[in-house]
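Asker: Please read through the structure below; I'll follow up with questions.
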Amino acid sequence: MAGSRLERFGTVFSRVRNLMHSGVIKLPEKPIWYDVYEAFPPKRVPLHVKPHTRLCTKKRETVPEVFYKEDNIRAKFYEHYGMGPLPFDLSKSNFVSTCQRFVDKYTEIKSRNAFEDAAVFEETGKALLTEGMVLRGRGARSVSAESRDPVLELKLTDPSQHVPREDWRPAHTCTSYLLRDRLNCRMHLREKSRKQR
């Protein structure tokens, strides 16, 4: 092959020389500069050298963090109440989050009164409560103390302390205590239903 067309793999002279050796360029068709270049070659071979990446001489400007007055209120709200009772509903364009309602009410109360921040924070919570928005503190249970699910009221026994009943005999041995208890219960119910028939 005569050579690559990319200049970084060779010089123009080396490519023309290789094309002449391979017979692609005939001697009468050789360029005028070829003899001059061959007689007086450059002192430094003009190879393609990848340019160094320029170091940035400008000092990078640090963008200052933008904090608004309400950001502190939001931080306190999320610290005290968490995400709030309502999830974000992004499908509605006019949706206002619980936190935003809290911030709006906070700024309204703060502009009317000259209380300290902690007092205004408490007053805002009370004002939202009178409007019907219930805010629960972080870690507070959202369900009532009494469980409404009867399954949770079942008293589960430790399978390792299972004492088999005298009237029942297992049909086979099981390695898993839970599986054995489940099978025992099913078989016991079957026997009970047979006796009732």
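Rule-based calculations on the coordinates, nothing more; no lab input. Just so it is clear, the structure is predicted and the values come from calculations on it, not from any experiment. A quick note on method: Cβ atoms are made from the backbone with ideal geometry, for glycine too, and the neighbour counts reach across all protein chains shown.
Asker: Spin-label point model (7 Å from Cα, Cβ direction): what's the His52 to Asp104 distance in nm?
Answerer: 5.9
Asker: How much length, in nm to one decimal, is gained on full extension between Asn18 and Ser97, taken as 0.36 nm per residue of separation minus their Cα-Cα distance? Working shown, then result.
Answerer: Numbers: separation 79, 0.36 × 79 = 28.44 nm, distance 7.43 nm.
Contour length minus Cα-Cα distance gives 21.0 nm.
Asker: Once you place label points 7 Å from the Cα toward the Cβ at Met133 and Lys26, how far apart are they in nm?
Answerer: 9.2
Asker: By the scheme Lys and Arg +1, Asp and Glu -1, what is the net charge of all other residues having a beta-carbon under 11 Å from that of Phe115?
Answerer: Cβ neighbours under 11 Å give a net charge of -2.
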